[in-house]
Amino acid sequence: MKLKLIKGMRLVAATHNAGKAREIDALLDGHYTVVTAGELNLPEPAETETTFVGNAMLKARHAAQFSGEVSLADDSGLSVAALDGAPGIFSARWGGPERDFASAMRKIETRLEELSATDRSAWFTSALAVAWPDGPCVVVEGRVDGVVTFPPRGEHGFGYDPLFIPDGHDLTFGEMMPELKDSLSHRTRAFEMLKAALID
Ligand code: IMP
């Protein structure tokens, strides 16, 4: 069986977030009809896996099983080396229901201070999984390495962008023009890999 995404086909984005679905649509160059799991009233699975790849596959498989259609899911986050990879797969959850990432960023700073850690190495990860309703699943992982800096800087982007400086740069993701961040980001790298694997 040839696992390919045929241009024009319908693709279920395993998210209830319309903003994320628009982003997926743009990263796939608008070649697919993207509908969300939310629009199809699919149930949301608990993210019970312990890795980005595991959670992306779990969400894609769940959406494919319930919709009967090819489904795409992502899972992403920031890992800090001195915190043993935290917040990692819990990145969104550290923001709490209020999505308060100013407080999540303070939590990272406080934990590093408590440990008297000097290593500021960190990385963003984006895992992308595409699942077919009859079982197969393809998964890729993109990563960008850098350091965390305090206090957070910059008004662009979202989440942990203001504290992350990618290797080879002086600006945080929060200070960069979105085009520059996009050219370097874990998510862009993951989509490039996915397109190379699944699109002719
Ligand atoms: P997900 O939607 O469950 O994958 O949650 C990912 C979380 O990781 C988001 O809520 C952000 O806090 C964080 N995150 C992922 N990618 C980025 C990024 O590019 N910039 C800043 N934060 C990110």
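The values are calculated or read from the model by the stated rules, or taken from the named source; none is laboratory data. Please read these numbers as outputs of a predicted model, since none were measured by experiment. Neighbour counts are summed over all protein chains in view; Cβ atoms, including those assigned to glycine, are modelled from backbone coordinates with ideal geometry. Ligands, DNA and RNA are stripped out before the accessible areas are found, and what is left, the full protein with its side chains, is counted by its heavy atoms. Shrake-Rupley method; radii C 1.70, N 1.55, O 1.52, S 1.80 Å.
Longest segment of the chain with no GluC sites (Glu not before Pro) in a DSSP loop having at most 11 other Cβ atoms within 10 Å? Before the final figure, lay out the partial values.
Details: sites that count: GLU98, GLU155.
With a cap of 11 other Cβ atoms within 10 Å, the longest stretch comes to 1-97.
Separation between the GLU49 and GLU192 pseudo-spin-labels, each 7 Å from Cα along Cα→Cβ, expressed in nm?
Between GLU49 and GLU192, the label points sit 2.3 nm apart.
Once the other residues with Cβ under 14 Å from the Cβ of THR118 are scored (Lys, Arg +1; Asp, Glu -1), what is the net sum? Intermediate results must be reported in sequence, preceding the final value.
Working: positive: ARG111, ARG120; negative: GLU109, GLU113, GLU114, ASP119.
Local net charge: -2.
If Lys and Arg each add +1 and Asp and Glu each add -1, what is the summed charge of the other residues whose beta carbon sits under 12 Å from the beta carbon of PRO136? Kindly include the intermediate steps, with their values, before the conclusion.
Numbers: positive: LYS2, LYS4, ARG61; negative: ASP134.
For residues surrounding PRO136, the net value is +2.
Can you check what the net charge comes to around LYS7, using other residues whose Cβ is under 12 Å from the Cβ of LYS7 (Lys, Arg +1; Asp, Glu -1)? Numbers along the way, then the final one.
On the way: positive: LYS4, ARG10, LYS195; negative: ASP29, ASP200.
Around LYS7, the surrounding residues sum to +1.
What spacing in nm lies between the two simple spin-label points modelled at GLU179 and LEU40, each 7 Å away from Cα in the Cβ direction?
Simple spin-label model gives 3.6 nm for this pair.
Please give the FRET efficiency for GLU114 paired with ASP134, using the beta carbon to beta carbon distance and R0 = 41 Å, rounded to the nearest 0.05. If you can, show how the numbers build up before the last one.
Values: r = 49 Å, r/R0 = 1.20.
Plugging the Cβ-Cβ distance into 1/(1 + (r/R0)^6) gives 0.25.
Can you give the calculated 222 nm mean residue ellipticity of the chain, where each DSSP H run of n ≥ 4 adds -39,500 (n - 2.57) and the sum is split over every residue, rounded to the nearest 500 deg cm²/dmol?
Details: 6 runs with 64 residues, N = 200.
About -9500 deg cm²/dmol.
Within the chain, how many Lys pairs that are eight or more residues apart, or on different chains, come under 29 Å at the alpha-carbon?
Total qualifying Lys-Lys pairs in the chain comes to 20.
With the other protein chains left in place, how much accessible area per residue, in square angstrom, belongs to the chain at a 1.4 angstrom probe?
On the way: 9860 Å² over 200 residues.
The answer is 49 Å² per residue.
If R₀ is 41 angstrom, what is the calculated FRET efficiency for the pair LYS4 and SER121, using the beta carbon separation as r and rounding to 0.05? Provide the component values of the computation, followed by the final result.
On the way: r = 37 Å, r/R0 = 0.91.
With R0 = 41 Å, the Cβ-Cβ based efficiency is 0.65.
Which one, ALA122, THR50, ALA37, projects farthest toward the positive side of the charge dipole computed for the chain from Cβ point charges (K/R +1, D/E -1)?
Checked the options; the winner is ALA37.
Roughly how big is the chain's charge dipole about its Cα centre, with Cβ charges of +1 (Lys, Arg) and -1 (Asp, Glu), in debye to the nearest 20?
Numbers: 20 positive and 29 negative charges, 95 e Å.
It comes to approximately 460 debye.
Taking 0.36 nm per residue of separation and subtracting the Cα-Cα distance, what length does fully extending ARG99 through ARG153 add?
On the way: separation 54, 0.36 × 54 = 19.44 nm, distance 1.80 nm.
Net length gain for the segment: 17.6 nm.
Contact order normalised by length for the chain, with contacts defined as Cα pairs under 8 Å and 6 or more residues apart; what percent is it?
Working: 383 pairs, mean separation 37.3, N = 200.
Relative contact order, the chain: 19 percent.
If you roll a 1.4 angstrom probe over the protein chains with everything in place, what fraction of the accessible area of the chain belongs to carbon and sulfur, to the nearest %?
On the way: 5070 of 9860 Å².
Answer for the chain is 51 percent, counting heavy atoms of protein chains only.
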